[in-house]
Structure formats: C-alpha cells, structure tokens
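None of the figures in this text is laboratory data; all of them are computed from the coordinates on show. Just so you know, these numbers come straight off a predicted model, no measurement behind them. Because the Cβ atoms are built from the backbone with ideal geometry, glycine has one as well, and the counts that use them run over all protein chains shown.
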Amino acid sequence: MSWTFESVTEGQALPPFVVEKLTRTDLVRYAGASGDFNPIHHDEEFAKLAGNPTVFGHGMLTAGFVAKCLTDAVGVENLRRYKVRFATRVWPGDTITCAGRVVRKYEADGEHRVDGEVTATTQRGEMAVTGTFTAALPARG
Amino acid sequence: MAEIDRSLIGQWGPEGRMCVEAGKIAEFAKAVKDGNPAYARPDATPAPPTFLMTIAHWMGSLGESRQGIKLDYRRLLHGEQEFEYVRPIRAGDVLTFRSRTKDVLQKEGKRGGTMTFVIGETEFKNQRGEVVAYMRNTAIETADAVKG
C-alpha cells in the first residue's frame, strides 16, 4: 500500500528497491521500450570506439528504477514532480540500489504534499543518479 | 562547438502526436522492472513516471526538442531530466506535444574550451486540450570529447 499523508514523517525513508546485476538484455529491452537506440547502450563495437570499456546503461533506465522505488511509496498518480541528475554511469553486472527519503511535509494548492530526495547507488558506492520529487498524498481530511 | 540561433530560444516548434497505449505501458514498466499491477490492468492504465521518454518513438530524433540549437553529439551528455505532472496520463490518451529551447548557457571549461548547457522543454496536452505534463532536460556539450 502506498503512503498516506498522516502516516509519513519528515526524514522517513522510502523502502529501497534493488536491481541485481544489470544485464545487456536489460539495456536492449529499455532501448526498445523507450525508443532510445543510441548505439552506445547496445553496440559493443560502437561503445569501444567511443572510448568506453563496454556498453553502459541509459541514464533514464536508472531513473526508471528510481521512479519505481518512488511510486511504490507515494502512488503513481500522486507524483507531481520528479527530477533527476545523472552522475556516474552504470555498467552490465552492476547492482543498483534505489533509495530516498521525505524531506518536507506541507500543504499547498489544496493538496497534502511531500518533497523528498532520491538516489541510485552502485555496489561500488558510486552515485549514479540523484534526484528530487514532490508528491501529493491522500489525507483523511 | 554548438551552433546557436538565439532568435529561436523560447519559440515552440511544430506539434507532434503521441498515442498512449496499454501494451506500450506494460512493455515500458517491464523494462524498468516495475511490477506494479496497475500497469497491467486493462483499463485506465496509468503511465509510469518516466513513460514520456517513449516520445522518442513519435519524433524523428530527440534533437528535435532543441529548437535553434545544433550540438556536437560526440561531446553530448544528458545532465538532468525533469517531469512535472499536471494531470494523469492513461492508456487511450492521445497527446499533442510541442518543444522549445528554454535557455542556453555557456561557460568556459576547466581545461579550456566552451561548455554549452541547453535546457529543452516539451509540453504535453491530452485529447481534451488540457496540459498533462511538462518534460525538461538539460543537455551538456562538453569542452572535450566525452571520455570513457
């Protein structure tokens, strides 16, 4: 069940979402789903010619994993704003942990809102994505 | 090096159309490993938060969202992506979108050369003419070729 306004406190963590060992198939599936066919994400030869050790994940794929972590807590249609910044890249074999927390709880425009921060971190401890969000939560009244 | 036609900054480009389909939502949800059963339901299927990225299937190239700007793709990084959700987007919606370059900033790179930051914005309206979302992205053309 997703959160209600009353059930949430400032500082509360989002339940983490972990993607174990990203595969090249995951990257190809996201390319097809999203329509982002930049070959740097699926063509080994192209990625190497561009100076990379291998193909790497679409930033928006990681942002999609983070969005799943986020909407599991706040509910899909309660999200009002979601912003991500891309830091380091993720590679096949990486395990990505999505997490976040509520920073602020308030009322605005007749809605019960929370602002928060989200992150996606690799098993090396590197930040792949950092972001912020605003959601409007259901309230008893 | 970026070519910039400043007269086009802020000008909306041509409109395009995007159909929101239940099958595409299910495919996209699977790709981002989101098992939320809402994405598999047969009616009023909600679009996942980053689903608007599938606009790539409905436009010639994502570069079309940057009016008046020509960038060197060998030096291009995706810096930020932002979604503002105004109304729900669900399977069956037919969205009309248009894009503009909101702003272009240039600064000197640490090791010489110019870095260009391009902020693009796409507006989405539904079949009732209501704005449903804005999508904004920051593209960065680095001073040097992107290193691995």
Spelling it out for residue B:21: with amide H atoms placed in the peptide plane at 1.01 Å from N, the residues 5 or more places away or on another chain with amide H under 5 Å from its amide H are B:92
Here the averaged projected area of the protein assembly as shown, based on the convex hull of its alpha-carbon atoms and given in nm², is 15.6 nm²
Rounded to the nearest 0.05, FRET efficiency between residue B:74 and residue B:94 (Cβ-Cβ, R0 30 Å) equals 0.25
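Projected area of the range B:1-139, taken from the Cα convex hull and averaged over every viewing direction, in nm²?
In nm², the orientation-averaged hull projection of the range B:1-139 is 9.3.
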Filtering trypsin sites (Lys or Arg not before Pro) in the range A:52-131 by DSSP loop and by at most 12 other Cβ atoms within 10 Å leaves A:124
Sorted by chain and then number, the residues having a modelled amide H within less than 5 Å of the amide H of residue A:87, at least 5 places away or on another chain, are A:129, A:130
Taking Cα atoms, the helix B:22-31 axis meets the longest principal axis of chain B at an angle in degrees (rounded to 10) of 60 degrees
Surpassing 29 Å at the alpha-carbon level, of the pairs A:48/B:110; B:33/B:70; A:21/B:70; A:83/B:24; A:83/A:105, are B:33/B:70; A:21/B:70
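Using a simple charge model, +1 on the beta-carbon of Lys and Arg, -1 on the beta-carbon of Asp and Glu, nothing else, what dipole does chain A show about its Cα centre, in debye to the nearest 20?
140 debye
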Cα-based Debye curve of the range A:17-136 sampled at q = 0.09, 0.20 Å⁻¹ gives log₁₀ I(q)/I(0) of -0.28, -1.05
Toy charge model, Lys and Arg Cβ at +1, Asp and Glu Cβ at -1: the protein assembly as shown dipole around Cα centroid in debye, rounded to 20, equals 240 debye
Listed by chain and number, the residues whose amide H is under 5 Å from that of residue A:6, excluding neighbours fewer than 5 places away on the same chain and using placed H, are A:140
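Sorted from largest to smallest, which semi-axis lengths in Å does the alpha carbon gyration tensor of the range A:82-140 give for its equivalent ellipsoid, taking the root of 5 times each eigenvalue? Each step should come with its number before you reach the end.
Values: eigenvalues 177, 20, 13 Å².
That gives 30, 10, 8 Å for the three semi-axes.
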Note on chain A: contact order normalised by length, alpha-carbon pairs under 8 Å, 6 or more apart, percent, works out to 32 percent
Taking Cα atoms, the helix A:59-74 axis meets the longest principal axis of chain A at an angle in degrees (rounded to 10) of 20 degrees
